[in-house]
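The values are calculated or read from the model by the stated rules, or taken from the named source; none is laboratory data. Everything quoted here is computed from the prediction, not taken from an experiment. Cβ placement follows ideal geometry from the backbone for every residue including glycine, while neighbour counts extend to all protein chains displayed. Keep in mind that these areas ignore ligands, DNA and RNA; they rest on the heavy atoms of the full protein, side chains included. Shrake-Rupley method; radii C 1.70, N 1.55, O 1.52, S 1.80 Å.
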Amino acid sequence: MTAAGHDLHAALSALDRPCYVIRTGTRTGVSHDPPPPGAALLAAAGPLPPERLGAPGFPRAHGVRRPYMAGAMAGGIAGPRLVAALSRAGYLAAFGAAGLPGDRIDDALAALRRELGDHAPFACNLLHAPMAPHLERTCVDLCLKHHVTCVEASAFVQLTPDLVRYRLTGLRPDPATGVHAGHRVVAKVSREETAALFLRPAPEPLVALLLRDGRISDRQALLARSVPMADALTAEADSGGHTDRRPLTVLLPALARLRDRLLRAYDRPPVVHLGAAGGLGCPHAVAAAFALGADYVVTGSVNQATVEADTAPGVKRLLAGAGVADCVMAPAADMFEQGVQVQVLGRGTMFPVHAARLYRLYRDHESLEALPAAELRRLEERVLRRPLPEVWRDTAAYLAEHDPDQLARAERDPRHRMALSFRWYLGMSSRWATAGDTGRAADWQVWCGPAMGAFNRWTAGTALAAPENRHAAVVADHLLRGAAYRTRVAHLTAHGVRIPASCADHRLPDAGENRLDSDTGHHSRSFP
């Protein structure tokens, strides 16, 4: 049976009302009201406002309206403007503290507190830094200073004293649940062994170390045995930046089984929500994530292209032109020597090619002095665009102030000095992109996953195709409304209703329309 197109789309778009497909005699129609006497009910889709997607416990736990989070984008790309805009609209967003010096993190967290007040929801990214643990310590100290009650823990392969300190210093007894965790942890994971670390209590040796050093109390050490390290796990699939490129359809169910098994070991099993990230750039993908069992969804690449993201207009234009196959893997700055890669935009920049050449040179030679003359000339003229002695001078000056142990090692080990010199380019390339340095536009490193291409394809020909119209809360609203619409379509399809192609998707405003509204009411804006 086929329902009438125009009426069906209007009925399905009213997400807070039921949609009934009714046959009266030989006619099939739709209604928000149950069938009258003499009419046959063929199928129905219940009300599904975006608030009902996922698990209701996630919004309650984090003080937000909907089960949606904007993940952190390093280097302050997810800056105070983006975080504040989403927080005001009722979404959870994480400030991108990774790669920033302490004074910038301090200023950003202070600005968020001034703008949002003491109780507005937001998170701060805490990036695992095994080669520079002082960076974790600084970030945790600043989160505690500014009373940040949630961190997004990223790239952890083991638990560290400062992550455990953050978690435990927020514990206090609670008559209803036994323990209240005032410091919430949302952990991004892509492997079961890493997820298991966050589903178990803090390791006893780390708890004992913190207790011995006076950084937690006796009571907090005792309470630590009763709670897992995380309140939520985000299954990170094929995302931009650091990624294992895991298929979400495999990763999310595996983590769900692991979670359910490990939480049974607690005397009072806690609730740990499970989220989905990576590849979520259109309503079809978001609806699929919820259908897989996600309690909440996390977006990344699509937020980098929004008005509020702290990256350059030129980068946002590049992102707006990206296709689903325009992302490639390139060497990572922070784990260059180990051969770790990040997913970046390949279209419009030479960065992936240059970065790959740097890694091949590092792999095949023992020092800068061992580089063939032709390679050295090519490197200085086409990639670094500076003499290597100048690159090392700047690198050494930075290390002398921030990491003297690395500098001492480089003076002993020529190959390490080569790695650090090459990492100068990898680190600066992301800064050139964020700052919009047009003189180095060919070297911009733009972290990006295939979700960006999916978003561009979905928004083509609509008001959201233009970068200047992509407000973060508007993007979030339409992704969730579209996912709810797609879910209702799936309900009707499962009951045999043939949905016309014109009604299969949530519609975005056309490019020629003069308004693009967020249904929060906070981000209405007129366009010429």
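Couple of notes before you dig in:
- The set of residues in the stretch 85-111 that are open to solvent by less than 10 Å² (accessible area, probe 1.4 Å), touching a residue at least 60 places away in the same chain (Cβ under 8 Å) and in a helix (DSSP H, G or I) comprises Ala85, Leu86.
- Residue list for the stretch 60-75, filter: more than 13 Å from the chain's Cα centre (by Cα) and surrounded by 24 or more Cβ atoms within 10 Å (Cβ to Cβ): Pro67
- Scanning the stretch 279-316 for residues that are open to solvent by 10 Å² or more (accessible area, probe 1.4 Å), out of contact with any Ser or Thr (no Cβ under 9 Å at 6 or more places or on another chain) and not acidic (Asp, Glu) yields a count of 5.
- Apart from one condition, Arg137 fits all of (1) over 24 Å from Val207 (Cβ atoms); (2) at pLDDT 95 or above; (3) surrounded by fewer than 19 Cβ atoms within 10 Å (Cβ to Cβ); the exception is (1).
- Each residue in the stretch 170-183 was checked for being surrounded by fewer than 22 Cβ atoms within 10 Å (Cβ to Cβ) and either within 24 Å of Cys124 (Cβ to Cβ) or among the acidic types (Asp, Glu) (or both), and 7 of them qualify.
Okay, residues lined up against (1) part of a loop (DSSP other than H, G, I, E, B); (2) out of contact with any helix residue (DSSP H, G or I) (no Cβ under 9 Å at 6 or more places or on another chain); (3) under 19 Å from Thr493 (Cβ atoms); (4) open to solvent by 40 Å² or more (accessible area, probe 1.4 Å):
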{"residue": "Gly29", "(1), (2), (3), (4)": "no, no, yes, no"}
{"residue": "Asp33", "(1), (2), (3), (4)": "yes, yes, no, yes"}
{"residue": "Ala43", "(1), (2), (3), (4)": "no, no, yes, no"}
{"residue": "Phe58", "(1), (2), (3), (4)": "no, yes, no, no"}
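- Selected residue (criterion: most open to solvent (accessible area, probe 1.4 Å)) from residues of the stretch 319-347 that are in contact (Cβ under 8 Å) with a residue 60 or more places away in the chain and among the small types (Gly, Ala, Ser): Ala325
- Any chance Arg81 is among the charged types (D, E, K, R), touching a residue at least 12 places away in the same chain (Cβ under 8 Å) and either in contact with a strand residue (DSSP E or B) (Cβ under 7 Å, 6 or more places away or on another chain) or within 16 Å of Leu112 (Cα to Cα) (or both): yes
- Test: residue in the stretch 202-224 that is more than 26 Å from Pro59 (Cβ to Cβ), hydroxyl-bearing (Ser, Thr, Tyr) and at pLDDT 95 or above: yes
- Residue within the stretch 362-376 that is surrounded by fewer than 16 Cβ atoms within 10 Å (Cβ to Cβ) and in contact with a helix residue (DSSP H, G or I) (Cβ under 6 Å, 6 or more places away or on another chain) present: yes
- Qualifying residues in the stretch 245-277 (those that are closer than 19 Å to Tyr68 by Cβ and touching a Pro at 6+ places or on another chain (Cβ under 9 Å)) - the one most open to solvent (accessible area, probe 1.4 Å): His273
- Across the stretch 440-462, the number of residues qualifying as surrounded by fewer than 20 Cβ atoms within 10 Å (Cβ to Cβ) and part of a helix (DSSP H, G or I) comes to 4.
- Selection within the stretch 4-27 - modelled with pLDDT of 90 or more, touching a strand residue (DSSP E or B) at 6+ places or on another chain (Cβ under 9 Å) and open to solvent by 30 Å² or more (accessible area, probe 1.4 Å): Ala10, Pro18, Tyr20, Arg23
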